[in-house]
Structure formats: C-alpha cells, structure tokens
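Here is the structure we will look at, set down as structure tokens.
Values in this text are rule-based calculations from the coordinates and carry no lab data. Keep in mind it's a predicted model, so treat the numbers as computed, not measured. Cβ coordinates were reconstructed from backbone atoms using ideal geometry, including for glycine residues, and neighbour counts include every protein chain displayed.
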There are 2 protein chains.
Amino acid sequence: MKNALGMAVLGLLMESPLHPHAMAATLRERGMDRAFKVTTGSLYDVVRALVREGWIEARETVRVGARPERTVYGLTALGREEFTAWVDRLVREPQAEYPKFLSAVSYLGALGPDGAVAALRERAERLRASVEEMRAGHQEALAQVPRLFVVEVEYAVRMAEAEIGWVEEIVADVESGRLAWPEVAE
Amino acid sequence: MKNALGMAVLGLLMESPLHPHAMAATLRERGMDRAFKVTTGSLYDVVRALVREGWIEARETVRVGARPERTVYGLTALGREEFTAWVDRLVREPQAEYPKFLSAVSYLGALGPDGAVAALRERAERLRASVEEMRAGHQEALAQVPRLFVVEVEYAVRMAEAEIGWVEEIVADVESGRLAWPEVAE
DNA sequence: ACCCAAATACTCGGATCCGAGCGATCGGAG
DNA sequence: CTCCGATCGCTCGGATCCGAGTATTTGGGT
C-alpha cells in the first residue's frame, strides 16, 4: 500500500461503512480533495488493494432502483490498527518527494536572469492568490468544525508563504547581482 | 510529457549527446537525484517518449567491446526550445501536489494528543538532521560551482525549516491546549 | 407529459512507473 | 593467468494510475 488515498478510505470507514462512490463524494464534500488526489479510477483500485490486504471487507451489495449495484465496504479490526499506524508513520518519517518546482529550479539558469525574474514574480503572484483562497476557506471552515479537522490547511498556507518568501528573496538576489549568472547554455 | 525526469534529460543533452546509462550516471554524480527521482526503468521510458515527441533523436549506436550497444541521443532544435519553455512553465505555475505529510496531517486526530506530539517531535528531529546534511552538501558544492547551480538546495532547506517551524508550533499548541482535541474515533 | 442536465455507480484499457534481473566485460588480487 | 566482484547497459513485466466512457435514473423546468 503506497497510495495515500488508501489512508483517506480507512479514515472514512472509521466512521461508518460506505460504497466507493459515496467515499469520493464525501471526500470532495469535506474538501479533503485538497490533501488527496481523488480520481475515480484510482479509488476502485485502492479499495481492491485494501481488500487484498485484509484491512477492509465487503459488507453487502445493495441495489437501489435499477442503478448499478453498490458494494458497501467496512473496516476490519486489522484495518483499524493499520490506519493509525499509517498516519503515525507518515507523520514521523519525512518522505523524499520530488515537487516539480524543485526540479525546475535546478534549471533556473536556462531562463536567463530576466526570464527567471519574470517567471518567479508570476509564481509569487499566483501563490499569493492561492494563500488568499486557502485562508478564506479556512476561516469559513473554522466556523463549523474544530480547528483540529482543518489544521492541514494551516500547514499548506505556511508552506506556501515560505515559498513566496524564498522566491522573493531570489528575485532580489538576481536583481542585485548577489546571485551571479555565469554564461550558460541558452 | 509529464515526468520531470524528461526535463533533466533535456538539460543534460543541452551540453552534449549522451546515452541513457551515462545520463543516469551523470545525474547521480551531480547530485541531481535530489531533485529528480532517477530510476533506470523510467529513464528508458522517458527517453522513448522524448523521441516520440521529436525533442531528442538517436544520433548513433556504438558498441564498445562486446557490451550491449549504446544508443546516443542528442537534442533536436525543437527540443532546445521545449526545454526552456518547460522550465518556464514549471516555475510560473504552482502545481497542485499532494505531499504525504499533508495527507497524514489531515488525520492527526487519530493519534490522540500524546501520540501526535510524539510523532511530530520525531519528525522535527529528522527534519533537522536532513537540513544539517543539505547545508553541509551545499557548502561543499559552493566551493566548486557557482551558486546558481545549487540554488535548489537553498529552496529545499528553506522549505524544511518552515516545516520544522510549523511542526514545533503545533506541538506547542497541543501541549498548551490551544489546539483542542475533540473526542474522536481512536 | 416530456426533455435535458445532473447525479449515480462503476468499468475499461492505455499510459506510466519502476525494480529485479540478465548477460556480458573489465580490473585487480593472488 | 584466472577468478570474482563491480560496472556496464538495457529489457521485461507486474503494479499502479487515471481519464474517458457507459448506462441508468432522478429531478426540475416548460
């Protein structure tokens, strides 16, 4: 089990049994799709994998009207344990991840000083917008649920702000010449 | 073309034609494998994709001794253009990404206040170690190449520091009760 | 009464990812 | 000279990912 979406599924089933379509709907409704990429295709794969591991199990398959059957899944005892173990592990151990921006920054040189400054400025602008949006959503959410349930938004905001700070610093360094531009493949 | 490893390949070929195995070796030698996940399997897929797009082309296939043939690839004119366009786009537009930690934080509640504090403390510790390591590597690198070529390490360090800051703040908030723990599925 | 948009619920297959493995060759210790 | 481990360079196939498609049904507007 690699896919973090699996964790979201376990998290939902901690509350009550559900069928896959309902899981997707609930995740989106709660805005959890900001933390997990929830695509239908993957979801069904993930559910199958969780069954294979014995962490969830089919409870019943019901048919409402003449729509496709719904298979309702529930947690097993093992699944309950694995869920917290999973969360614990991901919190404890930083994973080596490869954000696209990190890759792109490695080749900042290719843009030339002016190109780099322009692109970085635009990024900062977009980041500011997304921070604004997240903040607003967070405020709204806080009116309805305890802070603990939306604390991940605070994390996302903080990270975005740190990135903005770094980007602006680099822009300043390029403009002041503190970040020299050796001649390089253009 | 989604895979950022493709960008790394183009970046290398800006300097001179190479065969896949040499690309992997060079990337690792230069420590670029901190920005790109470089696995052999993916590399050959990526190279094939770049050929399909017409961004690189086979230049020759040579055989040294009786070892497997090496196919040497070089950039096309199109590839040259696409490289900078690619970098530019990734710098300008923040991508929605889904770091595992963000997912895990969404379920921090499942650990209980004490469990959460313990896990977060360990994370902070590990992050501090990795910052230390990055800093050391960066110093060493600066002695040999211009800052521009290792500026992505500065970014990584900055982000890690921001994360440490956030983690420590949350720990404090939990301990002081500023982050309340509604009773919840355990 | 009728039509169309949205919702319901899932399947399918192509694209991608990636580690294990493979067959060969080279360098150096004895 | 000969054996062994490291290196060379790549292939293969399973696992995963995921968007587009399918087929029905409900609901609201006219």
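Treating only the Cα positions of segment B:1-59 as identical point scatterers, give the base-10 log of I(q)/I(0) from the Debye formula at each q in 0.16, 0.22, 0.23, 0.28 Å⁻¹.
Normalising to I(0) and taking log10 leaves -0.41, -0.81, -0.90, -1.37.
Could you grab the Rg to Rh ratio for chain A? Cα atoms only, Kirkwood for Rh.
Details: Rg = 21.9 Å, Rh = 19.8 Å.
Across chain A, the Cα-based Rg/Rh ratio is 1.10.
Since chains A and B are linked by a rotation, which residue in A has the beta carbon closest to its axis, and how far is it in Å?
Reported as residue, whole Å: A:ALA162, 2.
Would you kindly work out, in nm and rounded to one decimal, the distances from the label point of A:ARG121 to those of the same position in each other copy, ordered shortest first, with label points 7 Å along Cα-to-Cβ?
Result, one decimal in nm: 4.8.
Give me, ordered by chain and number, the residues 5 or more places off B:ARG59 or on other chains with an amide H under 5 Å from its own placed amide H.
Those lying under 5 Å, H to H, from B:ARG59 are B:VAL72, B:TYR73, B:GLY74.
Efficiency by 1/(1 + (r/R0)^6): what FRET value for A:ARG28 and B:ALA136, r their Cβ-Cβ distance, R0 = 56 Å, to the nearest 0.05? Please report the intermediate quantities before stating the final value.
On the way: r = 44 Å, r/R0 = 0.78.
Taking R0 as 56 Å, the efficiency between A:ARG28 and B:ALA136 is 0.80.
For every helix of n ≥ 4 consecutive DSSP H residues, a contribution of -39,500 (n - 2.57) applies; sum these over the protein assembly as shown, divide by its total residues, and give [θ] at 222 nm rounded to the nearest 500 deg cm²/dmol. If you can, show how the numbers build up before the last one.
On the way: 14 runs with 224 residues, N = 372.
Counting only the DSSP helices, I get -20000 deg cm²/dmol.
Residue by residue through segment B:167-177, what is 3J(HN,Hα) from phi via Karplus (6.51 cos²θ - 1.76 cosθ + 1.60, θ = phi - 60°)? Round to whole Hz and write x for glycine and proline.
Working through the residues one at a time gives 4, 5, 5, 5, 4, 4, 5, 5, 5, 7, x Hz.
So what's the projected area for segment A:100-176, the Cα convex hull averaged over all directions, in nm²? Let's see the in-between values first.
On the way: hull surface 21.7 nm².
Approximately 5.4 nm², given one-decimal rounding.
Where does the protein assembly as shown land on Rg(C-alpha)/(2.2 N^0.38 Å)?
Working: Rg = 23.4 Å, N = 372, 2.2 N^0.38 = 20.9 Å.
Against the compact-globule rule of thumb, the ratio is 1.12.
For B:LYS100, list the lysines whose Cα falls under 19 Å from its own Cα; do not include residues on the same chain fewer than 8 positions away.
Within reach: A:LYS2, A:LYS37, A:LYS100, B:LYS37.
Between segment A:130-159 and segment A:1-70, what is the C-alpha centre distance in whole Å?
That distance is 24 Å.
Taking the Cα centre of segment A:100-176 as the origin, how large is its charge dipole in debye, to the nearest 20, when only Lys and Arg (+1) and Asp and Glu (-1) carry charge on their Cβ atoms?
On the way: 8 positive and 14 negative charges, 49 e Å.
With Lys and Arg at +1 and Asp and Glu at -1, about 240 debye.
With a sphere of radius 10 Å drawn around the Cβ of B:THR76, what net charge do the other residues whose Cβ falls strictly inside it have (Lys, Arg +1; Asp, Glu -1)? Please report the intermediate quantities before stating the final value.
Details: positive: B:ARG80; negative: B:GLU53, B:GLU57, B:GLU81, B:GLU82.
Net charge around B:THR76: -3.
Segment A:10-111: which GluC sites (Glu not before Pro) are DSSP loop and have at most 12 other beta-carbon atoms within 10 angstrom?
Values: sites: A:GLU15, A:GLU29, A:GLU53, A:GLU57, A:GLU60, A:GLU69, A:GLU81, A:GLU82, A:GLU97; in loops: A:GLU15, A:GLU69, A:GLU97.
Answer in residue order: A:GLU15, A:GLU69, A:GLU97.
Using a 7 Å offset from Cα along the direction of the beta-carbon, what are the separations from A:ALA136 to the same position in each other copy, nm, ascending?
Distances between equivalent label points, in nm: 4.7.
Report, in debye and to the nearest 20, how large the dipole of chain B comes out about its Cα centre when Lys and Arg carry +1 and Asp and Glu carry -1 on their Cβ.
On the way: 23 positive and 29 negative charges, 187 e Å.
That gives chain B a dipole magnitude of about 900 debye.
Under the definition of Cα pairs under 8 Å and six or more residues apart, what whole-number percent is the relative contact order of chain B? Intermediate values should be presented prior to the final figure.
Numbers: 142 pairs, mean separation 35.0, N = 186.
Relative contact order here is 19 percent.
Please list log₁₀ I(q)/I(0) at q = 0.12, 0.21 Å⁻¹ for segment B:55-125, using the Debye equation with identical point scatterers on the alpha-carbon positions.
So the normalised log intensities are -0.68, -0.95.
Mean 1/r over all different Cα pairs, inverted: what Kirkwood radius does segment A:93-144 give, in Å? Write down the numbers at each step before the final one.
On the way: mean 1/r = 0.0737 Å⁻¹.
So the Kirkwood estimate lands at 13.6 Å.
Taking a label point 7 Å out from Cα toward Cβ, give me the nm distances from A:HIS21 to the same spot in the other copies, shortest first, one decimal.
Spacings between copies for this position, smallest first, are 5.3 nm.
DSSP loop chymotrypsin sites (Phe, Trp or Tyr not before Pro) in segment A:77-186 with at most 13 other Cβ atoms within 10 Å of their Cβ, which ones? Intermediate values should be presented prior to the final figure.
Details: sites: A:PHE83, A:TRP86, A:PHE101, A:TYR107, A:PHE149, A:TYR155, A:TRP166; in loops: A:TYR107.
Passing both the DSSP loop test and the Cβ count: no residue.
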